[in-house]
Amino acid sequence: MLSIRPAVPADLPLIAQFIRDLADYEKLAHDVRFDEAKLAANLFGPRPYAEVVIGELDGAPQGFALFFHNFSTFEGRPGIYLEDLFVRPEARGSGLGKALLAHLAKLCVERDCARLEWWVLDWNTPSIGFYQKLGAKLMDEWTVMRVDGDALTKLAGS
């Protein structure tokens, strides 16, 4: 049986492991540097910056989605940005990934959001195909920009 539930503070070690597992899958384990205490504060503290839902199969956690609200000025409404979606390899094909995305889509509708968005690595063709089958479209006319590390500090000081 599939079920989706909101994460609770006791899920922090599970969420941390899902993040590490996702990073391994994406060949980005070298970029994982979060501190669990800061992660806990940012997810479950007085001002949560993101939300997490846990996907379970027969009561066993097998995946997660971490998301937060963004805002569309053109729509004048919020949206949901999916930061991370991960389903353990042994649970893929069970419908859990689709259930997690459907859950987020329902939250979008309930919260009067204009859209649900996320990024996918361009080499991840299995996921791209899966998302397209669900009705997602590639936004290939956009280029992602990022300022971090020393460049972020320098910009902040200018």
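Can you tell me which residue within the stretch 76-86, out of those that are of a type outside the set (A, V, I, L, M) and within 11 Å of Arg115 (Cα to Cα), is most open to solvent (accessible area, probe 1.4 Å)?
Once the filter is applied, the top-ranked residue is Arg77.
So, in the stretch 49-75, of the ones that are free of Cβ contacts under 8 Å to residues at least 12 places away in the same chain and either in contact with a strand residue (DSSP E or B) (Cβ under 6 Å, 6 or more places away or on another chain) or open to solvent by 50 Å² or more (accessible area, probe 1.4 Å) (or both), which residue ends up nearest to Asp112 (Cα to Cα)?
Here the answer is Phe71.
Which ones in the stretch 1-25 are assigned to a loop (DSSP other than H, G, I, E, B) and open to solvent by 50 Å² or more (accessible area, probe 1.4 Å)? Don't jump to the end; show me each part of the working.
To start, the set of residues in the stretch 1-25 that are assigned to a loop (DSSP other than H, G, I, E, B) comprises 1, 7-8.
Once the filter is applied, which keeps residues that are assigned to a loop (DSSP other than H, G, I, E, B) and open to solvent by 50 Å² or more (accessible area, probe 1.4 Å), the stretch 1-25 yields Met1, Val8.
Considering Pro89, Pro46, which residue is at pLDDT 95 or above, surrounded by fewer than 17 Cβ atoms within 10 Å (Cβ to Cβ) and within 21 Å of Trp123 (Cβ to Cβ)? Talk me through it step by step, then tell me what you get.
Numbers: Pro46 fails: within 21 Å of Trp123 (Cβ to Cβ).
Answer to the selection: Pro89.
Conditions tested, residue by residue: (1) in contact with a Leu (Cβ under 7 Å, 6 or more places away or on another chain); (2) aliphatic (A, V, I, L, M); (3) over 19 Å from Phe64 (Cβ atoms); (4) not in a loop (DSSP other than H, G, I, E, B).
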{"residue": "Leu104", "(1), (2), (3), (4)": "yes, yes, no, yes"}
{"residue": "Cys108", "(1), (2), (3), (4)": "yes, no, no, yes"}
{"residue": "Cys113", "(1), (2), (3), (4)": "no, no, yes, no"}
{"residue": "Asp122", "(1), (2), (3), (4)": "no, no, yes, no"}
{"residue": "Pro126", "(1), (2), (3), (4)": "no, no, no, yes"}
{"residue": "Phe130", "(1), (2), (3), (4)": "no, no, no, yes"}
{"residue": "Leu138", "(1), (2), (3), (4)": "no, yes, yes, no"}
{"residue": "Trp142", "(1), (2), (3), (4)": "no, no, yes, no"}
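Assuming Ala40 fulfils every condition listed in (1) touching a strand residue (DSSP E or B) at 6+ places or on another chain (Cβ under 6 Å); (2) assigned to a helix (DSSP H, G or I); (3) closer than 22 Å to Ala10 by Cβ apart from one, which condition is it?
(1)
The values are calculated or read from the model by the stated rules, or taken from the named source; none is laboratory data. Everything numeric here is computed off the predicted structure, so don't read it as measured data. Every residue, glycine among them, receives a Cβ derived from its backbone with ideal geometry; neighbour counts consider all protein chains shown. Heavy atoms of the whole protein, side chains included, go into the accessibility calculation; ligands, DNA and RNA do not. Shrake-Rupley method; radii C 1.70, N 1.55, O 1.52, S 1.80 Å.
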